[in-house]
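To start, the structure itself, in structure tokens.
The values are calculated or read from the model by the stated rules, or taken from the named source; none is laboratory data. The structure presented is a predicted model; accordingly, all values stated were derived computationally and were not measured. Cβ coordinates were reconstructed from backbone atoms using ideal geometry, including for glycine residues, and neighbour counts include every protein chain displayed. When the accessible area is computed, the model is the full protein with side chains, heavy atoms only, and any ligands, DNA or RNA have been set aside. Shrake-Rupley method; radii C 1.70, N 1.55, O 1.52, S 1.80 Å.
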Amino acid sequence: MESQNIVVAIGGVAGAGIMESGHLLAKYALASGLFSFMASEYPSLIRGGHNFAMVHITENETNSLTQKIDILVALNEQTVKLHERELKEGSAIIYDSDIIELEKVDGITIQGVPLTTIAKESGGEIIRNTVAIGAAIGLLKGNFSILEETLKSTFEKKGQEVIDMNVRAALKGYRFTQGAGSSFDLSIKHKQIDSQRILLNGNDAICIGAIRSGLKFAAIYPMTPVTSILDYLAAEQNNFNLVVKEPEDEISAIIMTIGASYSGARSLTATSGGGFCLMTEGLGLAGMAEIPLVVVEGMRSGPSSAMPTKTEQSDLDFVLYAGHGEFPRIVLAPGDPTECIEATFNAFNLADKYQLPVIILTDKYLASSLYTINKPDMSEWKIDRGKITTSGNETYSRYELEEDGVSSRLLPGSPGAVTHADSYEHDALGRDSDDPTIRISMMEKRMKKINNLAKELPEPILYGEKDAEITIFGWGSNKSIILDALKLLDKEGIKANYLHLLYVMPFPAYEVAKIFDHTKAALIVENNYSGQMTRYIRSLTGRRITNKLLKFDGRPFLPEEIVKKVKSILNTPLKAQADIKEKND
Amino acid sequence: MTEPENNFDNKNQITWCPGCGNFSIIAALKNALKTLNYKPHDIVLAGDIGCSSKLTDYVEVNTFTGLHGRVIPLAQGIKLANHKLHVIAIGGDGGLFAEGGNHILHAARRNINITVIVNDNQVYALTKGQASPTSEKKFISGPTPEGTIENPINPLLVALASGATFIARGWAGDNTGLSEIFAQAISHDGFSIVDVLSPCVSFNKINTLEYYKSRVYKLVDDATYDKSDLTQAFEKVRLWGDHIPIGVIHEASGPTYEKQIPVLQKGTLVSQNNGLIDTEKLLDR
Ligand SMILES: Cc1ncc(C[n+]2csc(CCOP(=O)(O)OP(=O)(O)O)c2C)c(N)n1
Ligand code: SF4
Ligand SMILES: [Mg+2]
């Protein structure tokens, strides 16, 4: 049977190259003209913990996981124990027969491969994972030359010896399972390659968007899930003329970023919730001193240390309101790598144009999962540095009261004038002041930026047909999962649509309220305990969504869970009606 | 505002108490900047929060008044984005050694070319007189009614141990000497810190001008002292009590942070490739 909906999962101890293997499979799929989506689970350990990557390979666009495993590749026994239950009739296990003993299970292909022996013969035990990938492709009756090309491009930088060793290892694995005459009957097809398609995770996408927009400076203290932003940018420093620093803590990170921005460099910092706690004083400083600032907040399980490598959307409330006092801010919650690139590019423009902090809210799932996307066309995107100037004269004053609330920003070092920035309330010249009249005019100056800003931001997008039986509300990384759920629902004849909230602050209250007017039933999907977006929507639109699908176990949603919830709502007329009644509250 | 004649004065109303050590610091600083012949627009004065940090309002250069304890990271960010600027950070003993104590260690070990000036009045002045990390033991204040039981830290010893390439102790009672120290610190190529013993007439009745007058002596008068010798510096910096050396305690040369960043050898960050960057190759890999 030929199927183009295949899930290969690979597990082993941390350090065994599990993520790399998943990546390799995804690249193989891309080179075969297929779509793939890879998500990984790993504990907060460097070695010895259980690492697990799932690659969902499909013919049509899919960017989510699904509730099955077709091939479980087990580099250790624990992988089998932990994931056996997810196997079904017709699935297969490929395992290292040198170290694991498995008994026959009815309906499941048990395919032992001496991974350790083959790896050692081919160049070293370290490449056991490559043997295993070869074996998986072999079992799927895949094309070895595609795998060979994929290995070559993957190890290109490591030299011919490493390439040869991996190709040898993969070939042996491939031959082992290909000739095994097994009862496993799934096979992987090959389609026309689309050269516009690429694989990308959220963090890399943010880096690309930032570099494209002219990023110059980044200061980032390592923290899952944003650490790879630090690594990525640091590796590109010399190619793109960036200065990327790992400072002593998140406080220093945000303050250095603000300092660099004051000097005129487009600057970025990134952290997770724990680090963002430390950054809040800097957020207020940027708001008060009117310094453009871009902060990436990659959410993970909280509060406190919680489950450091698990995904969650529980910092929405926090980023919306973090900091004392009142100041304008922008919060963006991109839903996939394509949106990450564009949102980051826009974030720098908005920060410069409105001279305020912009927060890009992502999560562990989006940050580190590999999506298949179409290469974005960025040719029309323009850099807008706002009212920035390097020529001052005797009349220059930094905080001049302007109609739109945004004053011209002279960069220090500009001949003929000096500039000021101040965390205290200040007059137009930037001198400390607690004069009530000045206070009022300066507060109004800063806060009115929001009005113009709100006019400029795009409306939220409603995916699917307008006239649907149910509207699903969501934000951030749940986008692609919900979109995949819509396809499943469609197959069952259920018409649902999805309202994606990307620009979270300022909130498009009017547009969202309008959506409710056409909504027959509503469901909101969030990765948190209390429904933070649900509350936020209610506070700004007066509309209450009673049907909530919430998850806070550190794992992402599966489209199937959403389908099930939608069906249960539509099968219970009272539930579906609840939201409609609320409108008359 | 206009670029003034290089006297760095402005008309802002000064709010310090008469007799405050900050007057000496500001005079010495302006004098040093004049001596160095720097242009106001090439200087950034970054301020912490405290009485001392008000200084940013009274010197006509580029300024950024930031947050309590955070002037050092602020100054570093400003410097890294435009290393042609002369960046001077000013703060008090509370902000720099308590709230932001961590930052000194790292700025010093980076040898980033900024100058940190500390108004060390051994008290939290702006908040009306609480004990600070440099308050002497038994210092009586609101939170320490029976006197502090903590030992004071020696900030310059900490800076030296962290790899600072220029450390100096100044005294507000010797304005000419202070100005010379500032000029040397600012023109030093690397991280420099000047800890200025400075009276707070309102909240520190112990460490007054008189108190230090009888205790300080100038290091420059000691011909045998070699400030480039780290071992001697460690010994000298620990001297306290009846004989307190003032002046440059240590000066060494070493590669600055900026010089070790390849990108900055092409020019300042702010001057490099402004405009759209081609990211095609990032998408293609
Ligand atoms: C985060 C924060 N905590 C506390 C304060 C209150 N505060 C302002 S200045 C200061 C201490 C000032 O002492 P120091 O830094 O020695 O400066 P001085 O006033 O003595 O010059 C404190 C605690 C503040 N502004 N910000
Ligand atoms: S309180 Fe002390 S430090 Fe502050 S201005 Fe008065 S004398 Fe100077
Ligand atoms: Mg003090």
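Once the Cα atoms are used to define both axes, helix B:101-110 deviates from the longest principal axis of chain B by about 50 degrees.
Rounded, prolate or oblate, given the Cα gyration tensor of region A:2-191, with a/c below 1.5 counting as rounded? Judged from the Cα gyration tensor, region A:2-191 comes out rounded (a/c under 1.5).
Backbone amide hydrogens, once placed in the peptide plane, bring A:Ala421 within less than 5 Å of B:Thr63, B:Phe64, B:Thr65, excluding anything fewer than 5 places away on its chain.
Rounded to the nearest whole Å², what accessible area per residue is found for chain B with the 1.4 Å probe?
Details: 11470 Å² over 285 residues.
Here the per-residue accessible area is 40 Å².
Among the residues of region B:87-123, those with an accessible-area drop of 40 Å² or more from chain alone to full protein complex, heavy atoms and 1.4 Å probe, are B:His103, B:Arg110. Per-residue mean of foreign Cβ neighbours for A:199-206 is 1 (Cβ atoms of other chains, 10 Å radius).
With the simple model of a label 7 Å out from the Cα in the direction of the Cβ, B:Lys281 to A:Glu121 spans 4.0 nm.
Working note: Karplus 6.51/-1.76/1.60 with θ = phi - 60° gives region B:206-223 the couplings 8, 8, 7, 4, 4, 3, 7, 3, 7, 10, 7, 9, 8, 5, 4, 6, 9, 5 Hz, where Gly and Pro are set to x. Remark on A:Asn241: its backbone amide H falls under 5 Å from none of the residues 5 or more positions apart or on other chains, H modelled at 1.01 Å from N.
Nearest 100 Å², what total accessible surface is buried between chain B and chain A (probe 1.4 Å)? Intermediate values should be presented prior to the final figure.
Values: alone 14060 and 24160 Å², together 33160 Å².
Roughly 5100 Å² of accessible surface disappears when B and A pair.
Averaged per residue, region A:387-457 has 46 square angstrom of accessible surface, using a 1.4 angstrom probe with ligands and nucleic acids left out.
With +1 on the Cβ of every Lys and Arg and -1 on the Cβ of every Asp and Glu, and nothing else charged, how large is the dipole of the protein assembly as shown about its Cα centre, in debye rounded to the nearest 20?
Values: 86 positive and 104 negative charges, 139 e Å.
That gives a dipole near 660 debye.
By accessible area of protein heavy atoms, probe 1.4 Å, what ranking do A:Phe348, B:Phe97 get, highest first? Could you put the intermediate results ahead of the total?
Numbers: A:Phe348 5, B:Phe97 25 Å².
Largest accessible area first, the residues go B:Phe97, A:Phe348.
Distances between placed amide hydrogens fall under 5 Å for B:Tyr217 paired with B:Ile244, B:Ile246, all partners being 5 or more residues away or on another chain. Here the accessible area of the protein assembly as shown is 52 percent carbon and sulfur, with a 1.4 angstrom probe and all protein chains present.
Starting from the Cα of B:Lys227, draw a straight line to each of the lysines and keep only those under 18 Å, dropping any in the same chain fewer than 8 residues away. Answer for B:Lys227, where 18 Å is the Cα cut-off: B:Lys218, B:Lys236, listed by chain and number. Of all lysines in the structure, those lying under 16 Å Cα to Cα from B:Lys138, and not within fewer than 8 positions of it along the same chain, are B:Lys205.
For A:Lys353, A:Lys487, give the ranking by accessible area with the largest first, probe 1.4 Å. Mind dumping the intermediate values first?
Details: A:Lys353 70, A:Lys487 95 Å².
In descending accessible area the options line up as A:Lys487, A:Lys353.
Beta-bridge orientation, chain B: approximately 15 percent antiparallel, per DSSP, counting only bridges with both partners inside. When shorter helices are ignored and each DSSP H run of at least 4 residues is given -39500 (n - 2.57), the per-residue value for chain A at 222 nm works out to -12000 deg cm²/dmol. When exposed loop sites are taken as GluC sites (Glu not before Pro) in a DSSP loop with at most 12 other Cβ atoms within 10 Å, the longest stretch of chain B clear of them is B:6-145.
Karplus-derived 3J(HN,Hα) values for region A:221-226, using 6.51 cos²θ - 1.76 cosθ + 1.60 with θ = phi - 60°, are 8, x, 6, 4, x, 9 Hz; glycine and proline are entered as x.
Run through every distinct alpha carbon pair of the protein assembly as shown and return the Kirkwood hydrodynamic radius in angstroms, one decimal place. It is 29.8 Å. For region A:310-365, the solvent-accessible area with a 1.4 angstrom probe is 20 square angstrom per residue. 3J(HN,Hα) couplings calculated from phi for region B:146-156 with the Karplus curve 6.51 cos²θ - 1.76 cosθ + 1.60 (θ = phi - 60°) are, in sequence order, 9, x, 5, 9, 8, 7, x, 8, 9, x, 6 Hz; Gly and Pro show x.
GNM remark for chain B: springs join alpha carbons under 10 Å apart, and the peak mean-square fluctuation among B:Leu96, B:Leu80, B:Leu269 falls on B:Leu269.
Bridgeable lysines around B:Lys266 (alpha carbons under 16 Å apart, same-chain partners fewer than 8 residues away excluded): A:Lys216, B:Lys79, B:Lys84.
Each DSSP beta bridge with both residues in region A:2-191 is either parallel or antiparallel, and the antiparallel ones are about 50%.
Rounded to the nearest 10 degrees, the angle from helix A:250-263 to the longest Cα principal axis of chain A is 60 degrees.
Put B:Cys17, A:Cys340 in order of accessible area, highest first, and with a 1.4 Å probe you get B:Cys17, A:Cys340. For the protein assembly as shown, what is the percent of antiparallel DSSP beta bridges, rounded to the nearest 5? Rounded to the nearest five, the antiparallel share is 30 percent.
Between the Cα long axis of helix A:128-139 and the first principal axis of chain A there is an angle of about 70°, rounded to the nearest 10. Per-residue ellipticity at 222 nm computed for chain B from its helices equals -7500 deg cm²/dmol, with DSSP H segments shorter than 4 residues left out and the rest contributing -39,500 (n - 2.57).
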